[in-house]
Amino acid sequence: MTSEGALLERLKRKGMTLAVAESCTGGLLGGRITSVEGSSDVFLGGVICYSNRLKRDLLNVREDTLNSHGAVSENTAREMLSGLLERTGSDLGIAITGVAGPGGGSPEKPVGRVFIAVGSHSGSRVAGFNFDGDREMVQGQAVEEALEMMMMLLDTKAR
């Protein structure tokens, strides 16, 4: 079974819903989730917010956060998740922001730098990663890590 299939099975058993907010993965995570038959039972949908304007307007990411920390930051990922949960009413959410490349990197935030936030209305976890490879590889690794982080969160909630 695929990672996304296993996640959806677990969500169905728990009676929980999921939504996603994606920047650098451009809908890849939502696409993977909706490729599984029956995903509509638990998956509410997603927001692809590539621009800072959409991060602000659709997910309520604060202008101050974007100016102080940048779009690729732990703070922005956390606020994307918070806004996503608020807007969708989903039980759980995943937010991804990063630099997929090949351009756009900097010494502080090189290509492959990605922040992923997973959580619920009662709390979240954000992690930063430095993925290797080309654009497609960075995006693929980010999606796999996001699915794994959500599975780990569900394992924690089971205890």
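Some observations on this one:
- Taken over region 114-148, the residue count meeting the criterion of being under 21 Å from residue 18 (Cα atoms) and part of a helix (DSSP H, G or I) is 10.
- With respect to the stated conditions, residue 140 is small (Gly, Ala, Ser), out of contact with any strand residue (DSSP E or B) (no Cβ under 7 Å at 6 or more places or on another chain) and touching a residue at least 60 places away in the same chain (Cβ under 8 Å).
- On the stretch given as region 1-23, residues that are over 28 Å from residue 72 (Cβ atoms) and part of a strand (DSSP E or B) total 0.
- When 26, 30, 5, 93 are screened for being surrounded by 14 or more Cβ atoms within 10 Å (Cβ to Cβ) and over 16 Å from residue 148 (Cα atoms), only 26 passes.
- For region 111-137, a tally of residues being out of contact with any strand residue (DSSP E or B) (no Cβ under 7 Å at 6 or more places or on another chain) and of a type outside the set (Asp, Glu) returns 7.
- Inside region 119-138, residues that are surrounded by 14 or more Cβ atoms within 10 Å (Cβ to Cβ), in contact with a Gly (Cβ under 7 Å, 6 or more places away or on another chain) and over 22 Å from residue 68 (Cβ atoms) make up a count of 3.
For every residue, the table says whether it meets (1) of a type in the set (A, V, I, L, M); (2) within 16 Å of the chain's Cα centre (by Cα); (3) at pLDDT below 95.
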{"position": "106", "(1), (2), (3)": "no, no, yes"}
{"position": "118", "(1), (2), (3)": "yes, yes, no"}
{"position": "125", "(1), (2), (3)": "no, yes, no"}
{"position": "140", "(1), (2), (3)": "no, yes, no"}
{"position": "159", "(1), (2), (3)": "no, no, yes"}
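- In the set 106, 68, only one residue is more than 30 Å from residue 14 (Cα to Cα), in a helix (DSSP H, G or I) and out of contact with any His (no Cβ under 6 Å at 6 or more places or on another chain); that residue is 68.
- Residues of region 105-117 that turn out to be loosely packed, with under 15 Cβ neighbours inside 10 Å and either of a type in the set (D, E, K, R) or under 19 Å from residue 51 (Cβ atoms) (or both), as a count: 2
- Some residue of region 80-96 being over 16 Å from residue 119 (Cα atoms), assigned to a strand (DSSP E or B) and at pLDDT 95 or above: no
- Filtered residue count, region 24-53, keeping only those that are out of contact with any strand residue (DSSP E or B) (no Cβ under 8 Å at 6 or more places or on another chain) and either assigned to a helix (DSSP H, G or I) or polar (S, T, N, Q) (or both): 9
- Search result, residues across region 47-86 that are touching a Gly at 6+ places or on another chain (Cβ under 8 Å), closer than 17 Å to residue 121 by Cα and crowded, with 17+ Cβ neighbours inside 10 Å: 59, 61, 76, 81, 84, 85
The values are calculated or read from the model by the stated rules, or taken from the named source; none is laboratory data. This structure is a prediction, so every number in the text was calculated from the model and none was measured. Cβ sites come from the backbone with ideal geometry, for glycine too, and all protein chains shown count toward neighbours.
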